[in-house]
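Worksheet: the structure to be examined is printed underneath.
What follows draws every value from the coordinates through simple rules; no lab data is involved. Since we're looking at a predicted model, the values are computed, not measured. Here the Cβ positions follow ideal geometry from the backbone for every residue, glycine too, while neighbour counts run over all protein chains shown.
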There are 2 protein chains.
Amino acid sequence: MVREIRLLLLPPAGPWPRTGAAAVVDALRATTTACALLGHGARAVIAADDEQRARRLAAERGALLAGEVRGLPPPGFDLGNSPAAVDRAAVEGREVVLFTTNGTKALCAASAAGAAIAAAAVNAAAAARWLSHADEVLIACAGEAGGAAFALEDFAVAAYLVQLLARDHPGIDLDDAARLALEVPAPLRLVREARHARDLEALGLAADIEFASRADRFDVVPLVTDRGAGWARLEPAPA
Amino acid sequence: MVREIRLLLLPPAGPWPRTGAAAVVDALRATTTACALLGHGARAVIAADDEQRARRLAAERGALLAGEVRGLPPPGFDLGNSPAAVDRAAVEGREVVLFTTNGTKALCAASAAGAAIAAAAVNAAAAARWLSHADEVLIACAGEAGGAAFALEDFAVAAYLVQLLARDHPGIDLDDAARLALEVPAPLRLVREARHARDLEALGLAADIEFASRADRFDVVPLVTDRGAGWARLEPAPA
């Protein structure tokens with residue numbers, strides 16, 4: 001039963017606050033991609049906070065290597081960071097190491113402070129259901145530029161999650177950012193208004209924006225089940 | 001003619017970005033108080049980033065000493081940080097050194113990066129008029145906890161300023177936070193919804209919340225006209 005929601009508009013500069021349950025949102029695109037990978041049957045997603053570490057982890061484990069630098073997959077990567085392009089045949093039963101500019105770093109940092117999941121529009125109802133078992137919920141936007149800048153698409157999804165939780169838990173305690181989240185009607189429409197959406201369009205990745213804007217494509221909650229220095233392993237949370 | 005607005009939901013952790021014109025908002029209460037002091041005839045407000053520095057500056061200059069620590073004036077201060085309590089008879093023609101937990105620090109930091117003003121609901125139209133002469137406008141929320149946490153009251157006033165500027169400058173380029181500011185109808189009503197407003201009520205300072213929520217009480221723009229290490233001098237900008 002949720003009593004309190006804190007919403008971080010940017011990842012913390014220092015260590016993350018400890019909470020009962022943290023949801024990391026990088027709507028365009030890392031947490032959406034993590035949902036798509038597990039939703040299409042990947043066994044685990046290993047989020048890495050560094051490109052070279054991602055390459056090493058994938059090689060050691062015989063895992064697929066996925067992700068982006070400046071929006072596109074670096075040379076030698078098996079997959080990009082495109083949730084709309086995830087192909088069940090390619091990922092089913094596989095481990096996938098994922099490295100991205102903002103989201104995978106935030107997942108690694110968040111999981112150092114407690115139970116953490118990847119949340120997105122595409123798994124919003126499932127994520128809210130998982131979060132609703134905690135007393136104190138933290139929802140964190142991964143942001144832009146390595147977490148230094150606010151990203152509207154992350155706020156849009158975070159606001160949608162706050163609205164789902166607040167509807168089911170009347171009288172819940174909201175911090176100022178979560179309170180602001182209640183003020184924005186139909187927040188998911190703002191995903192496509194974000195500056196980063198225009199950048200992705202320019203790269204020919206408009207399908208990912210549409211993919212990331214629609215709620216509840218997947219009934220999966222990517223939960224951190226193991227972690228080490230610079231990596232966090234996500235697997236589907238038990239229903 | 002404004003071409004671009006950037007909105008900082010929190011003060012930068014490092015140096016401030018350079019822009020044509022920066023407006024710092026600490027609605028409850030430092031920038032509202034700066035407006036009230038100059039609006040009631042104080043000659044200058046000297047924002048200090050440290051309590052001991054504020055005490056020294058006031059003693060050296062024979063200035064009034066105003067401000068708060070945990071909401072209330074420390075021993076030896078002439079005035080608190082209460083905009084509703086500013087008395088023209090006490091401040092007219094005087095210099096006032098102001099130290100507060102968040103706002104005066106943000107004013108000192110912002111003015112190191114370029115032209116900076118103090119903005120609040122109480123001088124919103126005058127502040128927007130002043131900002132509208134710049135190409136690139138930065139509006140920065142001072143936040144809570146020394147700038148570490150988002151403050152809804154600062155966003156409310158910043159959003160009101162963005163809306164004033166966007167109305168008068170169609171086609172203006174907005175960053176993601178400024179874009180979000182357009183989504184909140186009648187933002188000044190949110191000043192009283194902020195967590196800090198409840199803290200002030202508990203201290204018996206509810207009059208300041210009402211004072212800080214109403215637009216355009218003063219036609220004054222507190223502009224940084226001089227600065228040094230840890231202080232910034234604000235005087236009414238020429239009309």
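Listed values, structure above:
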quantity	calculated
Hull shadow area, averaged, chain A [alpha-carbon convex hull, nm²]	11.2
Gaussian network model of chain B, Cα within-10 Å springs - most flexible of B:172, B:209, B:117	B:172
Other copies of residue B:171: label-to-label distances in nm, shortest first, labels 7 Å along the beta-carbon direction	5.4
Tail weight of P(r) past 18 Å, computed on alpha-carbon pairs of the range A:39-122, percent	40
Share antiparallel - DSSP beta bridges, chain A, percent rounded to 5	35
Amide H partners (placed H, <5 Å) of residue A:149, local residues excluded	A:144
Percent antiparallel among DSSP beta bridges (both partners in the protein assembly as shown, rounded to 5)	35
log10 of Debye I(q)/I(0), alpha-carbon scatterers only, for the protein assembly as shown at 0.10 Å⁻¹	-0.73
Ellipsoid equivalent to the range A:1-51 - semi-axes via the Cα gyration tensor, in Å	24, 16, 11
Lys, Arg +1 and Asp, Glu -1 on Cβ, resulting dipole of the protein assembly as shown about Cα centre, debye, nearest 20	300
Signed unit charges on C-beta, dipole axis of the range A:133-201, positive-most listed residue A:182, A:160, A:194	A:194
Over chain B: helical MRE at 222 nm, DSSP H runs n ≥ 4 each giving -39500 (n - 2.57), nearest 500	-9500 deg cm²/dmol
Rounded to 5, percent antiparallel among DSSP beta bridges of the range B:20-153	10
For the range A:4-15, 3J(HN,Hα) per residue [Karplus equation, 6.51 cos²θ - 1.76 cosθ + 1.60, θ = phi - 60°, Hz, x = Gly/Pro]	8, 10, 10, 10, 9, 6, 9, x, x, 5, x, x
Copies compared at residue A:62 - label distances in nm, ascending, label defined 7 Å from Cα in the Cβ direction	8.6
The range A:1-25 versus the range A:150-178: alpha-carbon centroid distance in Å	12
Lys, Arg +1 and Asp, Glu -1 on Cβ, resulting dipole of chain B about Cα centre, debye, nearest 20	280
Under 11 Å, Cβ to Cβ, from residue A:236 - net charge with Lys/Arg +1 and Asp/Glu -1	-1
Ranked A:45, B:2, B:224, criterion: other C-beta atoms within 10 Å, fewest first	B:2, B:224, A:45
For residue B:25, net neighbour charge (Lys/Arg +1, Asp/Glu -1) across residues whose Cβ lies under 10 Å away	-3
Chain B, relative contact order in percent, only Cα pairs under 8 angstrom and at least six apart counted	34
Using alpha carbons only: equivalent-ellipsoid semi-axes of the range A:111-198, gyration tensor based, whole Å	21, 16, 12
Spherically averaged projected area in nm², based on the convex hull that wraps the Cα atoms of the range B:21-74	4.4
Amide hydrogen neighbours beyond the local backbone of residue B:67, cut-off 5 Å, H modeled	B:79, B:80, B:81, B:99
For residue B:23, distant residues with modelled amide H under 5 Å away	B:117, B:138, B:139, B:140
